[in-house]
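Asks: Below is a structure I'd like to ask you about.
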Amino acid sequence: MNVTELARRLRIPVQDLRQALPRLGFGIGSKAHKVSDVVAQGIIKKHKDEPALFEPEKEVDEIAIAEKTQVTGPVEIPSRLSVREFAARLGKPAPLVISHLMKNGILATLNEEIDFDTAAIVGSDFGANVTRQKEQTTSERESNLAERVVKMIADDTGKTFTRPPVVVVMGHVDHGKTSLLDTIRTTKVADKEHGGITQHIGAYQVIHEGKLITFIDTPGHEAFTAMRSRGANVADIAIVVIAADDGIKPQTREVLNIVERTKIPFIVAITKIDKDGASEEKVKTDLAAINLQPEDWGGKVMTVGVSAKAGTGIPDLLAAINLVADVEQAKLLSNPKGKLVATVIESHVDQGEGPVATVLIQNGTLHQGDFVVAGPVVGKTRNLKNWNGQIVSEAGPSMPVVILGLKAAPSVGDILESPDDEKAARKMMKQQESGLRLMQMKARESAKTASVIAGKTAEGITVTKLPIFLKADKVGSMEAIIESLKIFSFPEVRPEVVGQGLGDITEADVLRGEQAGAWVLGFNVNVGPKLVSNANTKVKSYTIIYELLDDIKVGLEEKVGSDIVEEPVGQARVLKVFRSEGKTAIAGAKVTEGVAKAKAIVHVFRGGKPLGSVKLEQLQQNKQNVGEVGLNLECGLKLSGFAGITEGDTLVFVEEKLVKRKLEG
């Protein structure tokens, strides 16, 4: 008999019968379509004898139970996390958390991120003690990833092939680093028309005396500390650039600290040796002063004098790199046929090609068509391009390569691997296609959140915020800007990144910025003149990072406002008090400093100690009312609001001025 027919005979819904079947004792599951006639008769009898067995189970209202249940113990969260992850940490159903966000005026989906302040406010609704999780700095995170890379490569027992050395070039801004790199590239690369590609992907390869060398470029500006640290983490040798006419600078010291921390061998390239005032000996003296003794002074630090303009010393520098690589040969072993291990050194979203990542292969071989995983990002390598912009079918150890085909732009510093389980990789790709946005963002768009809770913190302290919506050309640029904004976290005012993204500034970006009352700022991206002129908020793109940071600082200072300060304009000594009644006095005085002004505020001092302030009713000279009296001249004053002015008192004349508050940092 059909289960549907049996349910009709019992006069109960078929779903209630299916739910009851497993507990009737006949060994029938809830998905059965038919039962034998004998079993059907047994079920009919059961229904007559024990009708309670067929009653539908009452659904448990999990949301209502979760609403009433208080969270016990502290809940640690990072500065930003998705609604889904926050719900999991609270142990609450995600729909319940979303409903509480809505009660606070915040509309957010499961995959959207909320900041710590918002999470703390919503968490308090559940009685949760939400605390901020200690987060790793970018440098700490990437050092940990670098250590993991070393371990992954060390575990590969097939490391018998010597790979080319990876050289990172670092130094202070304006010390000729870029010129040096351009000279090395154009003098050693046969196909010179692709020379400009190097600056785009930040890595390239040259051949010297038959040996391949991989170079990684790093910016010199102070804002790009994380990028210099990353370069050192993936490199085998460092080139520290110091200009012969300028010597050791703050970024030079920072670079030397990075080199010391990562313990990689380094060579000092003394640049601009052909300039007037250049002195290689001065640079060597500066090095020796910080316990870095040059080789030709009996120490261990290899130095090479170069001129990018004239090409002087370039072969010597390349020869020095090969020499160090020979010494470090035992550390330059890899297995081209082993497990793929690579590090993402840059990523961005290209308008035509989509997410693009530049990776440095450190072990194994990456092939066109491989499934890869970089952090949470999965994809299939649709195309591979070498540093010269040419499409290649594979990339081996020490080769920088551009990957096209990822579903999102990965975070810079992430480890790229090829998963063993292709089926699992495909499943992850499907999940990304259906719901996930760009995974390289540390904070997804949360303009609505920022507009609702701007100025509030979990501790109830009011902070004035400058909301900012950021767009940048690459992940590394975005990272550098956000890291630099940390110096502007003042007690009374701070910038608040309410949204970020890669690529040009669009009309949608401006609308989001306007909704959040945020500035829309870009770095190395385009923005149409119409968007700028029609926007109801500040919209601007920059090509120099310190100009962007300077404008943000000015905006913060405008938020802070101005202070009223008193500026002394002159002093006078009381010569005689002609009349004194209550708090009004008429006196004669002589101006001893500056001028006496009729509209000034007057403070009274006696023996160097302040007694109080008086109001200057009249200022006269030769019995005529005047606006001011000059130095060493006598004057008459009518003063009110102070009792007891005597001969010899000092009157200090001050004016009040509004002075814009300046922020340090």
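The values are calculated or read from the model by the stated rules, or taken from the named source; none is laboratory data. Quantities reported herein were computed from a predicted structural model and do not represent experimental measurements. Note that each Cβ is placed from the backbone with ideal geometry, even for glycine, and that neighbours are counted across all protein chains shown.
Asks: Looking for something out of contact with any helix residue (DSSP H, G or I) (no Cβ under 9 Å at 6 or more places or on another chain), modelled with pLDDT of 90 or more and of a type outside the set (Phe, Trp, Tyr) - is there at least one such residue anywhere in the stretch 416-432?
Replies: No.
Asks: Step by step: first the residues of the stretch 527-551, then only those that are surrounded by 14 or more Cβ atoms within 10 Å (Cβ to Cβ), part of a helix (DSSP H, G or I) and more than 17 Å from the chain's Cα centre (by Cα), then the one that is modelled with the highest pLDDT. Which residue is that?
Replies: By that ranking, first place goes to Asp551.
Asks: Something else: Hey, Ser347 hits all of (1) in a helix (DSSP H, G or I); (2) under 30 Å from Asp155 (Cα atoms) but one; which does it fall short on?
Replies: Here Ser347 meets the rest and fails (1).
Asks: Please determine, by comparing only the residues of the stretch 249-272 that are surrounded by 15 or more Cβ atoms within 10 Å (Cβ to Cβ) and among the basic types (Lys, Arg), which one is nearest to the chain's Cα centre (by Cα). Give the steps one after another, and end with the answer.
Replies: We begin by selecting, within the stretch 249-272, every residue surrounded by 15 or more Cβ atoms within 10 Å (Cβ to Cβ); these are 249, 251-252, 254-256, 258-259, 262, 264-272.
Now restrict to residues that are among the basic types (Lys, Arg): 249, 272.
Numbers: Lys249: 25, Lys272: 34 Å.
Result: Lys249.
Asks: Still on this model: Would you point out which residue out of Lys275, Lys284 is surrounded by 21 or more Cβ atoms within 10 Å (Cβ to Cβ) and at negative phi? Steps first, answer last, please.
Replies: On the way: Lys275 fails: surrounded by 21 or more Cβ atoms within 10 Å (Cβ to Cβ).
Among Lys275, Lys284, only Lys284 is surrounded by 21 or more Cβ atoms within 10 Å (Cβ to Cβ) and at negative phi.
Asks: State all residues of the stretch 578-615 that are crowded, with 18+ Cβ neighbours inside 10 Å, over 10 Å from Leu651 (Cα atoms) and more than 57 Å from the chain's Cα centre (by Cα); if no residue qualifies, say none.
Replies: Passing the criteria: Ala585, Ile586, Ala587.
Asks: Look through Ala52, Ala120, Ala66, Ala128 and report the one residue that is at pLDDT below 75 and of a type in the set (A, V, I, L, M). Break it down stepwise before answering.
Replies: On the way: Ala52 fails: at pLDDT below 75; Ala120 fails: at pLDDT below 75; Ala128 fails: at pLDDT below 75.
Just one listed residue meets the conditions, Ala66.
Asks: Quick one: Pro397 ticks every box in (1) modelled with pLDDT of 90 or more; (2) surrounded by 23 or more Cβ atoms within 10 Å (Cβ to Cβ); (3) assigned to a strand (DSSP E or B) bar one, so which box is it?
Replies: Status for Pro397: all satisfied but (3).
Asks: Return the residue satisfying two criteria in turn: it lies in the stretch 131-183 and is touching a helix residue (DSSP H, G or I) at 6+ places or on another chain (Cβ under 6 Å) and among the small types (Gly, Ala, Ser), and of such residues it is modelled with the highest pLDDT.
Replies: The qualifying residue modelled with the highest pLDDT is Gly171.
Asks: Sort out which residues of the stretch 371-380 are out of contact with any Lys or Arg (no Cβ under 7 Å at 6 or more places or on another chain) and either outside any strand (DSSP E or B) or surrounded by fewer than 23 Cβ atoms within 10 Å (Cβ to Cβ) (or both), and write them in order of number. Steps first, please.
Replies: Just the residues of the stretch 371-380 that are out of contact with any Lys or Arg (no Cβ under 7 Å at 6 or more places or on another chain), to begin with: 372-376, 380.
Within the stretch 371-380, Val373, Gly375, Pro376, Lys380 qualify.
Asks: Turning to a different aspect of this structure: Restricting to the stretch 251-289, and then to whatever is part of a helix (DSSP H, G or I) and in contact with a His (Cβ under 7 Å, 6 or more places away or on another chain), can you tell me which residue is modelled with the highest pLDDT? Outline the logic, then answer.
Replies: First pass over the stretch 251-289, keeping only residues part of a helix (DSSP H, G or I): 251-262, 280-289.
Within this subset, residues satisfying the condition of being in contact with a His (Cβ under 7 Å, 6 or more places away or on another chain) are 251-252.
On the way: Gln251: 79, Thr252: 86.
In this case the residue turns out to be Thr252.
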